[in-house]
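Asks: To start, I am sharing the structure in question, which I have written as structure tokens.
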Amino acid sequence: MRHLPGMRAIAREYDGFIVDLWGVLHDGVTPYPGAIECLARLRQAARKVVLLSNAPRRAAAAAAAMDAMGIAGALYDGVMTSGEATWRMLRDRDDPWFASLGRRVFHLGPERDRNVIEGLDYQRVERPAAAEFVLNTGPDDEHNPTLIEEFEPVLGACRAARLNMICANPDHVVIRGGVRVLCAGALADRYQELGGVVRRVGKPDPAIYAPVLAMLGLPRERVLAVGDALETDIAGAARASIASAWVLGGIDAQRLDGCRETAEELASRAGLSPVAALPAFVWE
């Protein structure tokens with residue numbers, strides 16, 4: 001694993017880049033220093049960029065949120081999210097597991113993520129007991145998003161109703177404005193501990209990379225995935241046979257504490273071999 005100061009040194013080695021959002025480009029509120037410039041430099045170098053996120057919302061919603069932060073659509077070629085993939089699977093129902101779901105859905109998550117079922121032939125219900133499955137997009141706005149205990153009652157109610165769960169964001173935690181908060185993946189893990197059945201959509205499942213590669217229009221050997229989460233971004237790229245660069249200043253920053261040796265050890269322990277490590281998504 002090469003330790004590089006930024007993307008300049010590796011940009012010439014690939015024709016396309018799959019770039020994560022949260023933890024690489026922004027913290028959910030503000031773009032990271034140098035991230036917008038780095039995207040611009042890749043554009044100037046005639047490189048293709050598709051953004052891939054485990055955000056549990058439609059791709060257009062993710063793009064609109066970035067635009068509001070100052071990350072303009074002209075800086076990248078496309079966006080794919082786990083929420084978009086979930087919406088398509090719910091629409092098409094060509095996957096046997098999704099085809100077995102009913103039409104009454106209980107949504108566990110904030111109202112802003114309801115676009116994952118909007119425009120589809122599903123009925124949203126207010127109680128797990130009235131539902132046929134649960135769509136988990138993460139902590140809702142009524143409970144403390146830092147405490148898993150806050151969600152025990154609703155998870156217990158879903159389990160009592162024997163609902164299968166779609167987890168539209170496999171991430172466990174995210175840093176939002178400097179605060180570490182739970183994601184849908186943490187709720188899904190707890191639901192499995194309670195005996196519930198979960199289907200996760202998004203990284204590290206290699207299936208999420210197929211539409212991204214289609215947007216890039218490049219062979220995977222000419223593509224580099226850039227992400228900050230070892231267990232989703234780097235592991236997902238490996239499962240999809242795509243080279244990766246690990247941004248050390250994102251979600252794993254606390255346990256790495258800027259130590260290269262720790263990064264090498266954690267990657268090795270996970271059986272992963274990113275081709276490079278960067279302190280941040282900067283050009284340098």
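The values are calculated or read from the model by the stated rules, or taken from the named source; none is laboratory data. Note that this is a predicted model, so its numbers are computed, not measured. Cβ: placed from backbone, ideal geometry, glycine included. Neighbour counts: every protein chain shown.
Asks: Any idea how many residues of region 12-52 are of a type in the set (D, E) and either within 19 Å of P211 (Cβ to Cβ) or outside the structural domain of A240 (by TED's automatic domain parsing) (or both)?
Replies: Result for region 12-52: 2.
Conditions tested, residue by residue: (1) in contact with a Phe, Trp or Tyr (Cβ under 8 Å, 6 or more places away or on another chain); (2) closer than 22 Å to G23 by Cβ; (3) part of a loop (DSSP other than H, G, I, E, B); (4) in the same structural domain as G250 (by TED's automatic domain parsing).
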site	(1), (2), (3), (4)
R124	yes, no, no, no
A129	no, no, no, no
F151	no, no, no, no
V174	yes, yes, no, no
L187	yes, yes, no, no
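Asks: Now for a different question. Kindly state which helices (runs of 4 or more DSSP H) lie completely within region 1-71 and contain at least 1 residues that are within 22 Å of the chain's Cα centre (by Cα).
Replies: Result: 35-44, 59-69.
Asks: Between a residue in region 255-271 that is free of Cβ contacts under 8 Å to residues at least 24 places away in the same chain and surrounded by 12 or more Cβ atoms within 10 Å (Cβ to Cβ) and any residue that is of a type in the set (S, T, Y) and in a helix (DSSP H, G or I), which pairs come within a Cβ distance under 8 Å, given they are 6 or more apart or on different chains?
Replies: Every condition considered, the pairs that remain are L256/T262.
Asks: Name the one entry in G217, G258, G236 that is of a type in the set (G, A, S) and out of contact with any Leu (no Cβ under 9 Å at 6 or more places or on another chain).
Replies: From the options G217, G258, G236, the qualifying one is G217.
Asks: Would you say L90 is within 16 Å of F133 (Cβ to Cβ), surrounded by 22 or more Cβ atoms within 10 Å (Cβ to Cβ) and either of a type in the set (S, T, Y) or more than 13 Å from the chain's Cα centre (by Cα) (or both)?
Replies: yes
Asks: Within region 97-150, track down each residue that is over 22 Å from the mean Cα position of the chain (by Cα) and of a type in the set (S, T, N, Q).
Replies: Selection gives S100, Q123.
Asks: Which number in (1) surrounded by 22 or more Cβ atoms within 10 Å (Cβ to Cβ); (2) under 21 Å from T232 (Cβ atoms) marks the one condition that V134 misses?
Replies: So the condition that V134 fails would be (2).
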